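Encoded as C-alpha cells, the structure appears first; notes follow it.
The values are calculated or read from the model by the stated rules, or taken from the named source; none is laboratory data. Every value quoted in this text rests on a predicted model; they were computed, and no experiment measured them. Cβ placement follows ideal geometry from the backbone for every residue including glycine, while neighbour counts extend to all protein chains displayed. Just so you know, the surface numbers come from the protein's heavy atoms only, side chains and all, with ligands and any DNA or RNA stripped out. Shrake-Rupley method; radii C 1.70, N 1.55, O 1.52, S 1.80 Å.
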Amino acid sequence: MDRVAVVGASMTRFGERGAWLRDLLAEAGDACLDDAGVEPGEVDHLYVSNMASGEFEGQTGVPNMLAHDLGMIGAYTQRVDQTSSSGGAGIYAAWQSVASGASDLTMLVGGEKMTHRSTGEATDVIASLTHPVEYKHGVTLPSFAGLTARLYLDEYDAPRESLAAVAAKNHKNGVDNPHAQFRKEVSEQEILDSPIVADPLRLYDFCPITDGSAALMFCPESVAAEYTDDYTVVAGVGGATDTHVVHEREDPTTMGGVVDSSADAYEMADMGPEDVDVAELHDMFTILEVLQLEDLGFAEKGEGWRLAPDGVTTRDGDLPVNTSGGLKSKGHPLGASGVAQAYELHQQLTGEAGKRQVDADVGLACNVGGFGNCVTTTILEAQ
Amino acid sequence: MKAHRCPNDHLTYPGHERCPECGEHQTDTVSLEDRVGKVVTWTTSTATPPGVRQPNHLAIVEFDVDGQAVRALGQLTTNDVELGDDVEPVHVDRLRDPGIREEASQEWDGYRFRPV
C-alpha cells in the first residue's frame with residue numbers, strides 16, 4: 001500500500017493573539033500552502049481541527065469559511081472535534097482521506113482562539129466535555145490532574161519534585177522555539193513555590209490558555225518527491241477512547257486510550273517504543289507527560305517520573321521529549337495542539353528545528369483529549 | 001446517587017445505556033446514599049469556573065457493594081482528609097450554578113462526602 005507523506009507544515013506564533021479564529025486558521029493554512037509549494041485549487045480535502053469555536057467566539061461553519069478564504073472552493077471540507085485531541089484526530093482523518101484514495105492532496109489546519117475569555121470561562125468551556133455527574137460537582141480538567149497526581153505520587157512513592165522537573169525541562173526547551181507562548185526558563189524552586197491550582201499541583205504544572213493555529217499537507221508517498229525533497233511519512237497512526245467518566249477507570253494512573261492508540265500506531269509502523277528517537281507528548285499537566293511515558297512503553301509502570309530528573313527526556317538525553325517546549329511553554333490552543341506536535345516532529349525529522357535540533361529519524365506524537373478520554377498517537381518517519 | 005447493575009452483575013456509577021463491561025442493558029439499581037466509602041484520592045481546586053464554589057474540595061470515593069467496588073466523584077465538605085479515610089454522602093440541594101451548560105439539561109443537586 002502507498003503510504004501517506006507530509007509535504008508541508010506550518011504554525012503561527014502561539015500566545016495571546018489579536019486575531020480571531022478565521023484569521024489564525026488562514027495564517028497557518030496560507031503558510032502551509034507555501035511550504036508545500038501547492039496551489040490552493042489542487043487541494044482535494046480540507047480538514048479543520050477545532051474544539052469549540054461556537055462556544056468561544058460564536059463562529060461555526062469554520063471549514064467552509066477557511067476553504068473560501070484560501071481559494072479552495074470546491075474542496076471537500078470537514079470539521080474534526082475531539083476536544084484537546086482534535087488535532088491528532090485531524091491527522092487520523094487526513095491520513096484516512098489519502099490512504100483510502102479519496103483525496104490526492106489533503107490539508108489539515110488546527111486552531112483555537114481562547115484568550116479573550118477569562119481563565120474561569122475558558123476552564124468552563126473545556127470542563128463542559130465532562131459527564132453530568134462530574135460537571136455538577138464543578139470538576140475541571142486541572143482537578144482531574146490534581147486527583148491523579150496525588151494518587152500517582154503516593155502509589156509509586158515518587159517525589160513531588162519529579163513533576164517540577166518536567167515543567168522546568170519543557171520551559172527550557174521553549175526558550176528556543178520562536179512560536180512558543182512562553183520563552184523563559186523557570187526553575188524547579190519557582191515551580192514548587194507557585195500558587196496551588198489543584199493540590200498537589202501548582203500553577204507551573206499547567207499549560208496556559210492560548211490562541212494559535214498549525215497546518216500540515218498530506219499526499220501519497222509515491223508523489224511526495226514532486227512537491228519536496230524534505231518530506232516525512234506517516235509510518236503509523238492510531239486512535240482510541242477510554243471511559244468518558246474518569247472515576248470509572250480501574251486504575252486511575254493508567255491512560256487506556258494512550259495504551260490502545262499507541263499499540264495500533266506501533267503495529268502499523270512495525271515499530272516499538274525502542275525505535276522512537278524524539279517524542280511530543282501532551283503535557284497539558286506535568287503528570288500527563290509522566291503517565292504517557294509509561295503508557296507509550298518508554299518506562300515501566302511507576303517509573304516514568306524518573307525520566308525528567310534523570311535527564312533521559314532532555315534535549316541531549318536518550319529520548320528527547322517535547323523539544324518544542326510542549327503544551328507547557330509553547331501553549332495549548334486546543335484544536336491546534338495535535339497538529340503543532342506533528343509540526344515539531346516534521347521540523348526535527350527534516351533537519352529544520354534550528355537550535356532545538358536533535359538527531360532523529362522517527363518521531364512519535366501523543367495527543368490526549370479530555371483527561372485521556374480520547375487519544376491519538378502518530379508516528380512520523382524521516383526519508 | 002445510584003449505581004446501575006447489568007444481568008452479569010457488573011456495577012457502574014453513573015448508569016449507561018449498555019454495560020461498559022459486557023454490553024448488556026443495565027436492569028437494576030443500588031443506592032449508594034446510605035453507605036460509607038473510602039477516599040481513593042482527593043484534591044482542592046482553587047481555580048474554579050463561574051458558578052462553582054472556591055475552593056472546591058473533590059474526591060474519588062470507592063464503595064463496596066456486596067464485595068464489588070464502585071466509585072464516584074464528588075465534592076468534599078473539607079480538605080481535612082487523607083487517602084483511605086472513610087466518608088459518607090450528605091445531600092446538597094445545589095452543588096453549583098450551571099455555568100456554560102443549560103440548566104434544564106441535567107440535575108444540580110447531589111451528594112457531598114463528609115468524613116465519618
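From the set of residues in the range B:46-69 that are under 14 Å from the mean Cα position of the chain (by Cα) and farther than 30 Å from A:GLU121 by Cα, which is least open to solvent (accessible area, probe 1.4 Å)?
B:PHE63
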### Task
Output the number of the condition that A:MET1 fails; it satisfies all remaining conditions of (1) open to solvent by less than 10 Å² (accessible area, probe 1.4 Å); (2) closer than 23 Å to A:ALA235 by Cβ.
(1)
### Query
In the range B:5-32, which residues are within 14 Å of another protein chain (Cβ to nearest Cβ) and within 15 Å of B:PRO89 (Cβ to Cβ)?
B:TYR13, B:PRO14, B:LEU32
### Number of positions in the range B:14-45 that are part of a loop (DSSP other than H, G, I, E, B) and either open to solvent by 20 Å² or more (accessible area, probe 1.4 Å) or more than 30 Å from A:LEU153 (Cα to Cα) (or both)
15
### Task
Search the range B:46-68 for residues being free of Cβ contacts under 8 Å to residues at least 40 places away in the same chain and not in a loop (DSSP other than H, G, I, E, B), and hand back the single one that is farthest from the other protein chains (Cβ to nearest Cβ).
B:ASP64
### Task
From A:LEU307, A:LEU296, grab the single residue that is over 12 Å from the mean Cα position of the chain (by Cα), over 24 Å from A:VAL233 (Cα atoms) and buried (at least 24 other Cβ atoms within 10 Å of the Cβ).
A:LEU307
## Note on the structure
In the range B:97-116, anything touching a helix residue (DSSP H, G or I) at 6+ places or on another chain (Cβ under 8 Å), open to solvent by less than 50 Å² (accessible area, probe 1.4 Å) and not polar (S, T, N, Q) is listed as B:GLY99, B:ARG101, B:GLY110
### Task
Could you check B:ARG94 against (1) more than 7 Å from every other protein chain (Cβ to nearest Cβ); (2) touching a residue at least 24 places away in the same chain (Cβ under 8 Å) and say which number it fails?
(2)
#### Entry: Matching residues, the range B:75-90, being more than 13 Å from chain A (Cβ to nearest Cβ) and either basic (Lys, Arg) or under 14 Å from the mean Cα position of the chain (by Cα) (or both)
B:VAL87, B:GLU88, B:VAL90
### Query
Looking at the range A:113-144, which of its residues are assigned to a helix (DSSP H, G or I), open to solvent by 10 Å² or more (accessible area, probe 1.4 Å), touching a residue at least 40 places away in the same chain (Cβ under 8 Å) and of a type in the set (Val, Ile, Thr)?
A:THR119, A:ILE126, A:VAL133
### Summary
Note: among A:ALA102, A:ALA93, A:ALA127, A:ALA158, just one is under 18 Å from A:TYR204 (Cβ atoms) and at pLDDT 95 or above, namely A:ALA158
### Message
Looking at the range B:1-13 only, could you name the residues that are assigned to a loop (DSSP other than H, G, I, E, B) and over 16 Å from B:GLU62 (Cβ atoms)?
### Response
B:CYS6, B:PRO7, B:ASN8, B:ASP9
### Message
Which of the numbered conditions does A:GLU57 fail, given that it passes all the others? Conditions: (1) in contact (Cβ under 8 Å) with a residue 12 or more places away in the chain; (2) away from chain B (no Cβ under 14 Å); (3) farther than 28 Å from A:SER261 by Cα; (4) open to solvent by 30 Å² or more (accessible area, probe 1.4 Å).
### Response
(2)
### Query
Do you know which residues across the range A:265-293 are in contact (Cβ under 8 Å) with a residue 12 or more places away in the chain, surrounded by fewer than 22 Cβ atoms within 10 Å (Cβ to Cβ) and assigned to a helix (DSSP H, G or I)?
A:GLU267, A:MET268, A:PRO273, A:ASP275
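From the list B:VAL36, B:VAL40, which one is more than 8 Å from chain A (Cβ to nearest Cβ) and in contact (Cβ under 8 Å) with a residue 24 or more places away in the chain?
B:VAL36
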#### Entry: In the range B:87-96, the residues that are charged (D, E, K, R) and surrounded by 19 or more Cβ atoms within 10 Å (Cβ to Cβ)
B:ARG96
### Message
Which of the numbered conditions does B:ALA72 fail, given that it passes all the others? Conditions: (1) open to solvent by 40 Å² or more (accessible area, probe 1.4 Å); (2) within 10 Å of chain A (Cβ to nearest Cβ); (3) part of a strand (DSSP E or B); (4) in contact (Cβ under 8 Å) with a residue 40 or more places away in the chain.
### Response
(1)
